[in-house]
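Shown next, in structure tokens, is the structure this report addresses.
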Amino acid sequence: MKLMLNCKDVHEHASDYLDKRLSRRKRLAIWMHVMMCSHCRRFMKQLHLTITSVRNLHQKQNDDTKQLADALHQRFLEIHKKKQ
């Protein structure tokens with residue numbers, strides 16, 4: 001694995017990074033890139049806010065809303081992957 005990632009690499013692993021499902025080395029590589037790239041920093045903040053909002057909906061709403069939140073989160077990830 002390369003130590004310096006590009007924006008596409010960061011976007012591909014952003015969700016796993018925020019969920020802490022990556023190795024320390026990969027997390028460090030993403031962190032280094034995000035510290036230097038304002039575009040990826042903004043993207044990570046937006047993704048974090050989206051995930052947090054969806055999770056908050058899960059905790060506060062009934063099952064129908066939870067299903068909608070899951071669908072929205074999945075759709076967001078699909079759209080993001082298509083843009084790459």
| query | Which of the residues belonging to region 4-53 are within 16 Å of F76 (Cα to Cα), among the hydrophobic types (A, V, I, L, M, F, W, C), surrounded by fewer than 18 Cβ atoms within 10 Å (Cβ to Cβ) and touching a Leu at 6+ places or on another chain (Cβ under 8 Å)? | reply | L18, I51
| task | Tell me which of these V34 doesn't satisfy, since it passes every other one: (1) touching a residue at least 24 places away in the same chain (Cβ under 8 Å); (2) within 8 Å of the chain's Cα centre (by Cα). | result | (2)
| field | Contacts under 9 angstrom Cβ, first residue in region 5-25 being more than 11 Å from L47 (Cβ to Cβ) and in a loop (DSSP other than H, G, I, E, B), partner modelled with pLDDT under 95 and of a type in the set (S, T, Y), 6 or more apart | value | R21/S15
| message | Checking the structure you have, find out if any residue of region 51-62 is of a type outside the set (K, R), within 11 Å of the chain's Cα centre (by Cα) and at pLDDT below 95. | response | yes
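The values are calculated or read from the model by the stated rules, or taken from the named source; none is laboratory data. Being a predicted model, the structure only gives us computed values, none of them experimental. All Cβ positions, even for glycine, are placed from backbone atoms using ideal geometry, and neighbour counts span all protein chains on display.
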